[in-house]
Each structure stands twice: as C-alpha cells, then as structure tokens.
Amino acid sequence: MLSAPSGAGKTSLGRALMEKMPHVAWSVSHTTRAPRPGEQDGRDYHFVSRKEFQRLLDEGDFLEYAEVYGNCYGTSRRALQRQLEDGKIVLMDIDWQGARQIRRAFPDAVSVYIMPPGIQELENRLRKRGQDSEEVIKKRLAAAAADMTHAGEYDKVIVNDDFDTALAELVDFIKK
C-alpha cells in the first residue's frame, strides 16, 4: 500500500516502481470522481457513477472504501484476488482510511507512506501540475496536515524530497 497527501508523488513513484519490478502490479480502484486530463478508464481508475459505486458497495465487492474530497474510492475484492493468484505484488494507491481497512483484512500487508518534504513544496507541486482550482488546492493542503499525522501507522515512511532517492528507497524496501 502506498499512501500520501495529494501531490506528494505516490502515483509517480508507484509507476516507476512497476517499471523496475515487473512482478509488481497496480490495483486499479473504482472512483466516483471525474477523470483528469490524460487519465483512462480501466488504467488509472474505474470511473463509475455514485449509483454504480453504491451498488458495488451493497454487493460487498469492495475490500475497502472511503470518501475523500467528496468523491468515493474503493478497491475491488475480486480484482485484487485475481492479481494475487497471478503471483503479483499488488500496489495500492490508497488513503490512510483504506490502509486501516486493508491492514485489518490482511495483517501481513506492507504499507508505505510517502511524505512530502514540506507543506510549501507540496503546495508548489499541486500548483505546478495545474489540475485543481484554487479552492481544491486549499482543501487538499488543509487535509494534508491531518493526513500526515497517520504516517506513523505505516511500516515505512519515505520523504519524497528527491525522486530518484525516494524511488531507490522504495525499491529496497519492497525487495526486503
């Protein structure tokens, strides 16, 4: 599991990890949020309506789920099981709430929290990616401070100050 406040680099680190370790696979979550530019359904997320998300939730399909920034996110139990049966190390991009749920279901699950080097740098990264309105950026920054208080619940904390260094640390940790 990888968790981090928005903009800390967990998705970029996760993708780079999969390039270095082909037996690592990405768990594609379901979400009710709209796709961002360049995102593809089935690759980045399974983009679903709130009604469809609720149906899957009611049917017990989600191993974990949470509402974050007004949108719902969930991990399909069946999809995760198929990846594990294929012998993959499954990488989950998940918030601290979902990580707690996964740890209850899978006590041996390994968790990594990606920490930004600081709030100012996090703000710079959010602004630089140009995907969010000023209101959303402020909301993400406010939530980041609270999110980061949960870093101690993880098996490993990596500060993403330098991408290559953070990636090397992540690869070393996963190999162990």
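The values are calculated or read from the model by the stated rules, or taken from the named source; none is laboratory data. From a predicted model like this one, the values you see are computed outputs, not experimental measurements. Cβ atoms come from the backbone with ideal geometry, glycine included; neighbour counts cover every protein chain shown.
Among the residues of the range 32-57, the ones that are surrounded by 14 or more Cβ atoms within 10 Å (Cβ to Cβ) and among the hydroxyl-bearing types (S, T, Y) come to 2 in all.
Is one or more of the residues making up the range 77-97 of a type in the set (D, E) and surrounded by 14 or more Cβ atoms within 10 Å (Cβ to Cβ)?
Taking every residue of the range 77-97 in turn, at least one turns out to be of a type in the set (D, E) and surrounded by 14 or more Cβ atoms within 10 Å (Cβ to Cβ).
One residue stands out in the range 125-137 among those that are touching a residue at least 12 places away in the same chain (Cβ under 8 Å) and of a type in the set (K, R): the one that is surrounded by the most Cβ atoms within 10 Å (Cβ to Cβ), namely R125.
For the range 50-85, residues that are within 24 Å of V171 (Cβ to Cβ) and touching a residue at least 40 places away in the same chain (Cβ under 8 Å) total 3. Condition check for A105 on (1) over 29 Å from L56 (Cβ atoms); (2) aliphatic (A, V, I, L, M); (3) surrounded by fewer than 14 Cβ atoms within 10 Å (Cβ to Cβ): one failure, at (1). Being crowded, with 17+ Cβ neighbours inside 10 Å, within 20 Å of I174 (Cα to Cα) and out of contact with any Ser or Thr (no Cβ under 6 Å at 6 or more places or on another chain) holds for only one residue in M115, M148, and it is M115. None of L91, L170 is touching a residue at least 60 places away in the same chain (Cβ under 8 Å), under 23 Å from G38 (Cα atoms), aliphatic (A, V, I, L, M) and touching a helix residue (DSSP H, G or I) at 6+ places or on another chain (Cβ under 7 Å) except L91. The single condition from (1) in contact with a strand residue (DSSP E or B) (Cβ under 8 Å, 6 or more places away or on another chain); (2) assigned to a loop (DSSP other than H, G, I, E, B); (3) without any contact (Cβ under 8 Å) to a residue 60 or more places away in the chain that A8 fails is (3).
Of all the numbered requirements in (1) surrounded by fewer than 18 Cβ atoms within 10 Å (Cβ to Cβ); (2) within 20 Å of I94 (Cβ to Cβ); (3) touching a Leu at 6+ places or on another chain (Cβ under 8 Å), R140 misses one, and that requirement is (1).
Evaluating A25 against the criteria (1) under 26 Å from A151 (Cα atoms); (2) not in a strand (DSSP E or B) leaves one unmet condition, (2).
In a residue-by-residue description of the range 58-75, the property of being modelled with pLDDT of 90 or more, in contact with a strand residue (DSSP E or B) (Cβ under 9 Å, 6 or more places away or on another chain), buried (at least 21 other Cβ atoms within 10 Å of the Cβ) and in a loop (DSSP other than H, G, I, E, B) applies to no position. For beta carbons closer than 7 Å, sequence separation of 6+ or different chains, a first residue in the range 111-124 that is closer than 11 Å to P5 by Cα and a second that is of a type in the set (F, W, Y), the qualifying pairs are Y113/Y154.
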